[in-house]
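> My structure is below; once you've seen it, I'll send some questions.
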Amino acid sequence: MNIHSRMIRKFASLGLCAAIAVSGTMFVSAPKASAAAPATAKADKIITLGKKYLGVKYRLGAPSGSTKVFDCSSFTQYIFGKYGVKLPRVSSAQATKGKTVAKGQLKKGDLVFFKSSNSSKIGHVAVYIGNNKILHTYGKPGVTVTSLSASYWKSHYKTAKRVL
């Protein structure tokens, strides 16, 4: 076999290898989206649902499933439950669920817990909605959005949990 034939064969082999390599990359699947994407989407849906109840009156001990009145934990139980996240009825029990999150690491949909005025026990729960804001219900405003930096909430902050 002469040199010319060997060169043609080498180029043909190289070309075939390159063609196989290029076409093979077209069939490699794209990396899967991280678990954060579905959690963020679910958090947005929960927050959107919760905001539909802005202004609904607060009543301590409001029954589970009611949308005519809420207390803080019946509210979180209801809006999370609509998206498949089962939470206990009272805030102190809700605080035992999920993974503890540092205040500086809060993400939309995290549950934020506050201590009672007269003890260090958990007495209130809210949903973190981003931009240092919480969605919750208490007293006269009923379901409302509040800054996490407001003096009362800032001084009574206890912990946060990620359940999504």
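> In whole Hz, what ³J(HN,Hα) sequence does region 43-49 give by Karplus (6.51, -1.76, 1.60; θ = phi - 60°), x for Gly and Pro?
For region 43-49, the Karplus curve yields 4, 4, 5, 4, 5, 4, 4 Hz.
> Do you know the relative contact order of region 37-164, to the nearest whole percent, from alpha carbon pairs under 8 angstrom that are 6+ apart?
About 30 percent, as a whole number.
> Counting only the heavy atoms of the protein chains, how much of residue 48 is accessible to a 1.4 Å probe, in Å² to the nearest 10?
Roughly 80 Å² of residue 48 is accessible to a 1.4 Å probe.
> Continuing with the same structure: As an exercise, use a Förster radius of 25 Å and the Cβ-Cβ distance of residue 60 and residue 97 to find the FRET efficiency, rounded to the nearest 0.05.
0.70
> Something else now. With Cβ to Cβ distances under 14 Å as the rule, what net charge do the other residues near residue 114 carry (K, R +1; D, E -1)?
That works out to +4.
> Using a 1.4 angstrom probe on heavy atoms only, work out the carbon and sulfur share of the accessible area of region 41-164 in %.
The nonpolar share, carbon plus sulfur, comes to 51 percent.
> Taking the highest mean first, how do the peptides 104-110, 124-130, 68-74 order by number of other beta carbon atoms within 10 angstrom per residue?
124-130, 68-74, 104-110
> Please compute the net charge surrounding residue 142, taking Lys and Arg as +1 and Asp and Glu as -1 over other residues with Cβ under 12 Å from its Cβ.
Neighbour charge sum, excluding residue 142 itself: +3.
> Modelled label-to-label distance, residue 107 and residue 140, 7 Å Cα→beta-carbon offset: nm?
Roughly 3.8 nm, to one decimal.
> Rank 99, 82 by accessible area, highest first, at a 1.4 Å probe radius?
If we order 99, 82 from most to least accessible, we get 99, 82.
> Same structure, new question: Summing +1 for each Lys or Arg and -1 for each Asp or Glu, what net charge is found among the other residues whose Cβ lies under 11 Å from the Cβ of residue 68?
Around residue 68, the surrounding residues sum to +2.
> Label-point separation (nm) for residue 120 and residue 155, each offset 7 Å from Cα along Cα-to-Cβ?
Placing both labels 7 Å beyond Cα along the Cβ direction yields 1.8 nm.
> Tell me which residues come under 5 Å, amide H to amide H, from residue 123 once H is placed; ignore anything under 5 positions away on its chain.
Answer set, sorted by chain and number: 114, 115, 116.
The values are calculated or read from the model by the stated rules, or taken from the named source; none is laboratory data. Keep in mind that this is a model prediction, so the values were computed, not measured. Virtual Cβ from ideal backbone geometry, glycine too; neighbours counted across all protein chains shown. Please note that ligands, DNA and RNA were not included when accessible areas were found on the heavy atoms of the full protein model with its side chains. Shrake-Rupley method; radii C 1.70, N 1.55, O 1.52, S 1.80 Å.
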